[in-house]
Amino acid sequence: MKVVAAFLLAKLGGNENPSVDDLKKIFESVGAEIDQEKIDLFFSLIKDRDVTELIAVGREKMAALSSGGPAVAVASGGGGGAAPAAEPKAAESKKKEEEKEESEDDGGMMSLFD
């Protein structure tokens, strides 16, 4: 994650095409550990791609994610007869959604956030 942040910081600072050395300078300036493998992986994944487009694609994927768990009715008192029937539907819906998310290609970018 810090590689992505350093790259974007360099872009915001006016560097249109940050290099590996630029990122190393940023890490050294704040005393952060330099992980050459992650830097190399990052640059290999973004090679020949526009960062603005990558961010736009990421926003679309994030918009598809739900902001919370499935809506489950909470039963109070003795009138909770319909709540148990809602739970299997919600679980089934969640399972389908998870399968869909697993099948979507993330372009190999998720390993950058480890």
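Computed from the coordinates by the stated procedures, all read-outs in this text should not be read as laboratory data. What you are looking at is a predicted structure, and each value in this text was computed from that prediction instead of being measured. Here Cβ is always computed from backbone atoms with ideal geometry, including for glycine, and neighbour counts include all displayed protein chains.
Residue-wise, which Karplus ³J(HN,Hα) couplings in Hz belong to segment 26-37, taking 6.51 cos²θ - 1.76 cosθ + 1.60, θ = phi - 60°, and x for glycine or proline?
5, 4, 5, 5, 10, x, 7, 6, 9, 9, 4, 4
May I ask you to order 33-42, 50-59 by the average number of other C-beta atoms within 10 Å around their residues, highest value first?
33-42, 50-59
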